[in-house]
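We did not get these values from a lab; they are worked out from the coordinates using the rules stated. The structure displayed is predicted, hence computed values, not measured ones. Please note: Cβ atoms are built from the backbone with ideal geometry, for glycine as well, and neighbour counts cover all protein chains shown.
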Amino acid sequence: MTSSAGQAEAVVRGAGAIRARPRAVLTSRLGEYAGFGPVLLLFGGFFFAPLVLIVAYSFWQVIDYNVVQNWTLDNYRYFLSVPTYVRTFIATLWMTALATVLTIGIAFPFAYWLTRYVSRSWQRPLLLLVIIPFWTSYLLRVASWITILGEGGVVNRTLEALGLIHQPLSFLLYNRWAVIFVLVYLYFPFAALTLFSALERFDWNQLKAAMDLGAPPLTAIWRIMLPQIRPGVITAVIFVFIPILGEYLTPQLVGGVDGVMIGNLVVNFFVGAQYTRGAAIALLITAIAVAMLILFRRSLVLEQVYGR
Amino acid sequence: MTLLERTMTRREALRAGLVGSVGLYIVACGGSTGGSSNAVTLNWITWNDHYMDDQLKAVHSSYQIDARVTLETDDSDGYLKIKQTKGQFDIASTDALWAPKFHSDGLTESFDISSIPASSQLYSVARDFPFWKDGSKTMGYPFGWSTIQIYYNPANVSPAPDSWHVLADSKYKGKVVAENQPTDLMAMAGLATGAKVPYGMTTDEIAKAKHFLQTCKPQFQKLVSQNSDVVKALADGSAWIGIENLGTDFRVKDAGGPTIKFVTPSEGTYGFIDCEQIVTASTNKDQFPKFINDMEQADWIAKNFIANGRPLFNEKAYKLLVDQGQKERADLLLYNKPEEALKMTLKGPSSNEQAYIDAFNEVFGA
């Protein structure tokens, strides 16, 4: 091959390489985003699109069992004008808030004890015990409380056998307190695991130092520990508060007529094919959840939560 | 370097993903057409007491017709699902006046009932329900029926009730249980307050019904999702009064509970007559007569009665039950009196469903 011919071939090859480069870059880029595809499909197709549909439904009407695309604010206007819904919303909010506070209040001392006083070899088995209820279905976990708290349940029978009562206690079930109690039981593992994760990375020497310098234990926890594990606490609050806000099954099973939450009324709309009313009220619940996420947005740094 | 140790290139990963996706698609398509080339799968939207698993297996093995069941919570649920999914369903189970609604809206179509040999086993009254007539054809194949009435524990409820107004008696605070069926409970309240058409109440009648439910609310302990929950509450004594369909007294007894009695309220009662309908958009309509004929044979219907305990329309099955020593139970559950089904207020679509649900929620909200 002469040098000129070689140069010519190199030029041709170079041109080919230049032409090929954008394709290679494109393929490379596509490859980089391939992993994002399934998530895009899942959340785009099965979350975002239905959400858009729910938003649209909430502004439509049902006439003679048909969803009619008459754009209106009537569904929202109706909820805000009927005291029952406002009362139910308020009841749902305080029940959710109380259940969240109690759950965190019980989970925090547990996580504190587990990380501070239990050896590492025992921490994992104890955490396993916390998540064991997840091995059974959610429905069974709730329904089992009927067997425990019902008039013919374990608690009443035990109290009767001990001679402490002569008539079964009926207030253990079918009221708001029963709902809150069962919700705390159900969501305890979420809070415990999140708080354990946060406390596990806490430098206990700081707490000791604070106490060495004269801070009472509770002050040391409040002033030194809590600010540092705040993202973990907020995550626990979010993990507990938001799912409880939309709860339907627990109030249905153990709440009775007196323990109704807003989710139960949403279900009635769907049972009665009033999809547009149901969509509007469901979006109001979502709005509260989103507002809460915005409220906590500044405090929630993922790196701190997951310890990167 | 072994195959497992070697790093997969991006091209290989994408290719593997593509092959996997195609494979999943093929499997999914295969699933929808059934495992065997001769087998037909019918999609059936129904209630869980319309079939038994053994029955479906037997029909499949004998006749190569498979049924893929989707459970519906109520007729309105079935109505919307069929409407939105077009030809996804082949058969729909519907109640009394819902069947004409499905039919008039073009969701289901009528058929010649005599083309199904099993129909000769039906009571004659069931073959000729006027509200299902469409000329010489019928809109649905009759299955079963039940009134909804008051069940009460005579040890706790005295005197014996004779009216829906017992639900408003504060003596029974927290002792009443019913299924959470908003439209039907509103219709019940309509009956109690003298509404002319309980499923088609006027605004004034709805207001009266709502007020009645408000006075009843303190007596309700819970609104449950299943008949079995009412049975359980009556059986364990936590509830004294239940609003349920025929056979609840037997089911409570079977559950180890006390003797429960029932009363048909003086204001009248409501209930369902249900049937199987052909979905208009189905691509397997020709399989409907064969499938129904196989499913509705007397021996299966008799078994269904024993399992679920409410009257069905297959007369031959009644005779089988008599032969099996079940006459007393069948007669107590009015199996031998299908004409009684026409005396109740028939379940159907509400003329103003939104107003019914709104009123119901306003009563049972916080």
Links exceeding 27 Å between C-alpha atoms in this model, out of B:Lys81/B:Lys285; B:Lys171/B:Lys327; B:Lys101/B:Lys343; B:Lys171/B:Lys208, come to B:Lys171/B:Lys327
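Just to check, using Stokes-Einstein with a Kirkwood Rh over alpha carbon pairs, what's the diffusion coefficient of the range A:60-202 at 10 °C and 1.306 mPa s in µm²/s?
Reported coefficient: 84 µm²/s.
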Note down, for the range A:63-145, the three equivalent ellipsoid semi-axes (square root of 5 times each alpha carbon gyration tensor eigenvalue), biggest first, whole angstrom.
44, 18, 12
So, with +1 on the Cβ of K and R and -1 on the Cβ of D and E, and no other charges, what is the size of the charge dipole of the range A:80-306 about its Cα centre, to the nearest 20 debye?
400
Expected vector for the range B:199-209, Karplus 3J(HN,Hα) from phi with 6.51, -1.76, 1.60 and θ = phi - 60°, integer Hz, x for Gly and Pro, equals 9, x, 6, 6, 4, 5, 5, 4, 4, 5, 4
For the range B:105-241: span of alpha carbons on each principal axis (Å, largest first)
54, 37, 26
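Quick one: A:Tyr248, B:Tyr152, B:Tyr51, fewest Cβ neighbours within 10 Å first, how do they rank?
The fewest-first ordering by Cβ neighbours comes to A:Tyr248, B:Tyr51, B:Tyr152.
How big is the Rg/Rh ratio for the range A:80-306, C-alpha atoms only, Rh by Kirkwood, two decimals?
Ratio value, two decimals: 1.03.
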What per residue convex hull volume, in Å³, comes out for the protein assembly as shown when only alpha-carbon positions are used?
279
Per-residue HN-Hα couplings for the range B:93-99, Karplus 6.51 cos²θ - 1.76 cosθ + 1.60 at θ = phi - 60°, whole Hz, x for Gly and Pro?
8, 9, 9, 3, 7, 6, 4
Quote the charge dipole size of chain B about the Cα centre in Debye, to the nearest 20; the model charges only the Cβ of Lys and Arg (+1) and of Asp and Glu (-1).
600
Over the alpha-carbon set of chain B, work out the extent along each principal axis and list the three values in angstrom, largest first.
84, 52, 43
Sort A:Leu80, A:Leu172, A:Leu140 so the one with the fewest other Cβ atoms within 10 Å of its own Cβ comes first.
A:Leu140, A:Leu80, A:Leu172
Quick one, can you get me the convex hull of the C-alpha atoms of the range B:191-254 expressed as volume per residue in Å³?
102
For B:Glu244, which sequence-distant residues (separation of 5 or more, or a different chain) have an amide H within less than 5 Å of its own amide H, given hydrogens modelled in the peptide plane?
B:Gln149, B:Tyr151
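Answer rounded, prolate or oblate for the range B:28-142, using the Cα gyration tensor with square roots of eigenvalues a ≥ b ≥ c: rounded when a/c is under 1.5, else prolate when a/b is larger than b/c, else oblate.
oblate
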Using the scaling law 2.2 N^0.38 Å as the reference, what is the normalised Cα Rg of the range B:243-366?
1.33
So what's the range B:36-77 giving for Cα Rg divided by 2.2 N^0.38 Å, two decimals?
1.26
Tell me, what is the FRET efficiency for A:Ala24 and A:Tyr78 to the nearest 0.05, using R0 = 56 angstrom and their Cβ-Cβ distance as r?
0.45
Distance from a point 7 Å along Cα→Cβ of A:Leu53 to each backbone N in the range B:89-107: keep the residues under 17 Å and list them by number.
B:89
Residue-ordered couplings for the range B:333-346, obtained by feeding phi - 60° into the Karplus form 6.51 cos²θ - 1.76 cosθ + 1.60 and rounding to whole Hz (Gly and Pro as x), are 8, 6, 4, 8, 10, x, 5, 4, 4, 7, 8, 8, 6, 7
Placing +1 on the Cβ of each Lys and Arg and -1 on the Cβ of each Asp and Glu in the range A:80-306, which of A:Asn264, A:Pro251, A:Ile288 has its Cα farthest towards the positive end of the resulting dipole?
A:Ile288
By counting other Cβ atoms within 10 Å of each Cβ, how are B:Ile150, A:Ile294, A:Ile221, A:Ile90 ranked from fewest to most?
A:Ile294, A:Ile90, A:Ile221, B:Ile150
Determine the dipole magnitude for the protein assembly as shown: charges of +1 sit on the beta-carbon of Lys and Arg, -1 on that of Asp and Glu, nothing else is charged, the reference point is the Cα centre, and the result goes in debye to the nearest 20.
2800
What nm distance separates the two modelled labels at A:Ala209 and B:Asp254, each placed 7 Å from Cα along Cα→Cβ?
7.1
